[in-house]
1. Using unit Cβ charges (K, R positive; D, E negative) and no other charged atoms, how large, in debye to the nearest 20, is the dipole of chain B about its Cα centre?
2. Given chain A, what percent of its DSSP beta bridges are antiparallel, to the nearest 5?
3. Roughly what % of DSSP beta bridges within the protein assembly as shown run antiparallel, to the nearest 5?
4. Using the Cα centre as the reference, give the magnitude of the dipole from point charges on the C-beta atoms of the stretch A:1-105 (Lys, Arg: +1; Asp, Glu: -1; all else neutral), rounded to the nearest 20 debye.
5. Rounded, prolate or oblate: pick one for the protein assembly as shown, where a ≥ b ≥ c are the square roots of the eigenvalues of its C-alpha gyration tensor, a/c under 1.5 means rounded, and failing that, prolate if a/b is larger than b/c, else oblate.
6. Full extension from A:K6 to A:K44: what is 0.36 nm times the residue separation minus their Cα-Cα distance, to one decimal in nm?
7. Might you report the magnitude of the Cβ-based charge dipole of the stretch A:5-176 about its Cα centre, with Lys and Arg at +1 and Asp and Glu at -1, to the nearest 20 debye?
8. Can you give the alpha-carbon Rg of the stretch A:5-176 over 2.2 N^0.38 Å, where N counts its residues?
There are 2 protein chains.
Amino acid sequence: MNLQIKRVAIVGVGLIGGSFGMALKERGLADTVVGVGRNPERLKLAQELGAVDSWTTDLDAGVRDADLVYVSTPVGMELDFISRIVPHVKPGCIITDAGSTKAEISRGTDTLSRPDVHFVGGHPMAGSEAAGVEAARSDLFVNASYVLTPTEQTSADALALMRGLAEGIGSRVIVMDPEAHDRCAAVISHLPHLIAAALVSLAQEHSKNDPQVFDLIAGSFRDMTRVASSSPELWRDICLTNADGIRAATDTFVRLLSQGVGLVESKDGEAFQEWFASAKQTRDEIIKPKVGQDEA
Amino acid sequence: MNLQIKRVAIVGVGLIGGSFGMALKERGLADTVVGVGRNPERLKLAQELGAVDSWTTDLDAGVRDADLVYVSTPVGMELDFISRIVPHVKPGCIITDAGSTKAEISRGTDTLSRPDVHFVGGHPMAGSEAAGVEAARSDLFVNASYVLTPTEQTSADALALMRGLAEGIGSRVIVMDPEAHDRCAAVISHLPHLIAAALVSLAQEHSKNDPQVFDLIAGSFRDMTRVASSSPELWRDICLTNADGIRAATDTFVRLLSQGVGLVESKDGEAFQEWFASAKQTRDEIIKPKVGQDEA
């Protein structure tokens, strides 16, 4: 399969879109990459950094001759952008996205207004905390997971091309049902972000009674709340498009936490130790320590 | 105040006890440090590593001539050890501990069988995840918080000596009421450990429906569950001696989490963004990024 793509349009040239452009160009996977956005200064910067060959603030013109349109706008704006893009692209054009939730976008794109335009949902799991094209890197996707979420409507050829591109920029491709993706993302990412925020708020609220609580903060609290410093706008969009998954994950999580706390309260040391040890065993199996980092 | 102590006995020469011995010796704060434990091989190793000058497996003999006894056994065994130590020490001896909870030990030591022996509760907040004297370092306490938890029964001189020693080994001393310490520790350490374990168990349980959940694990989940890989025995003892604090922290935490999830479910984007942003602002204020580490 020939992966060389003539013209790629990147709509939203931030960390992800910019890194995708850099990776395609560096690996010779695209002839031309055009950046599309609202802010000329930011687009100029993207061009200077080598993320795009050219740029425009005119969405219609930017996507008109593209063989692939890469939508990396905030999640909450994707469907709106795609509906504006579809009428202007040429027959056979493939549209993909980089959003952190996949069910809502997949429902919205299963009935595109043109059958000769193909959508493939995607979620590159890389670098969500930094922001902006200045943080973009051509190797951002190397060894990262790149989830593709085809539906029954998805063209097999379009999926194969996206798989080839994602592997071409160094990612491990995971193909998943969009609904399953969102359920899993709620468990391993979205709920953890809410938990981090709630933990910080707990410390804040507790400080009204015990002002010294902040003095005791050590590594565990710092690590566990790191993602509470993420962008509120970004996480608003992500969470609001995955409310069902988050509710389900929360209910199970609160049940499991209450189980542990219940064992502490009943002073059942043996059962509590077993509860904790079972989690430790699972984690030690599923998480491989980073080289040189003490995870003991 | 002369901080030079003639003879220090360290009961339980692991990471904390061993590091305390190394720090005292390196900074010339004690003439002689004797290690007391059960396992001759481990005690020999402690001596080889420079944590103690001599060692014994005989508790009574080890503490007999000590001016300071440092109890760094597992939390659950401290009161038992202290009650065995008290009858054998000389008048004026100071006993301190290094346990992660302070209310239970303080209640137990407020009525020591000898009025001429002084207890000062302590909690050096350093390096709780590695274990054993082989992980001990003379600089473990440098720039760490060292909490001291006097009660109305605590001798002012004994407290002043412990403050001097803790500062002498490089720590920032925080003086707190033992009950307040435990309430705060529940918020910033004990509940977070339970949450980490519950999050791992959630992923494990979810994998029965969506086996691909583990494939999606990225940095946020790894960081947030790191402390679930801690020692189950250690955390059993810590949690069981702070059940009230953990219950109170859990109730507030679940209320705050449910608030956030409720805003997601009601699709109130503005209110959710504010909820998240308020936590972000608090965190950005209370946690100073480590130099060279991106906490953006």
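1. Numbers: 28 positive and 40 negative charges, 96 e Å.
Taking the Cα centre of chain B as origin, the dipole is about 460 debye.
2. 15
3. Taking every DSSP beta bridge within the protein assembly as shown, about 15 percent pair in antiparallel fashion.
4. 120
5. Prolate shape, in that a/c is at least 1.5 and a/b is the bigger ratio.
6. Working: separation 38, 0.36 × 38 = 13.68 nm, distance 2.18 nm.
That works out to 11.5 nm of additional length.
7. Numbers: 16 positive and 21 negative charges, 18 e Å.
With only Lys, Arg, Asp and Glu charged at Cβ, the dipole is about 80 debye.
8. Against the empirical 2.2 N^0.38 Å value, I get 0.91 for the stretch A:5-176.
Read-outs throughout are calculated quantities, based only on the coordinates presented, and are distinct from any laboratory measurement. Since the structure is predicted, the reported quantities are computational estimates derived from the model, not experimental observations. Positions of Cβ are backbone-derived with ideal geometry, glycine not excepted, and every protein chain shown enters the neighbour counts.
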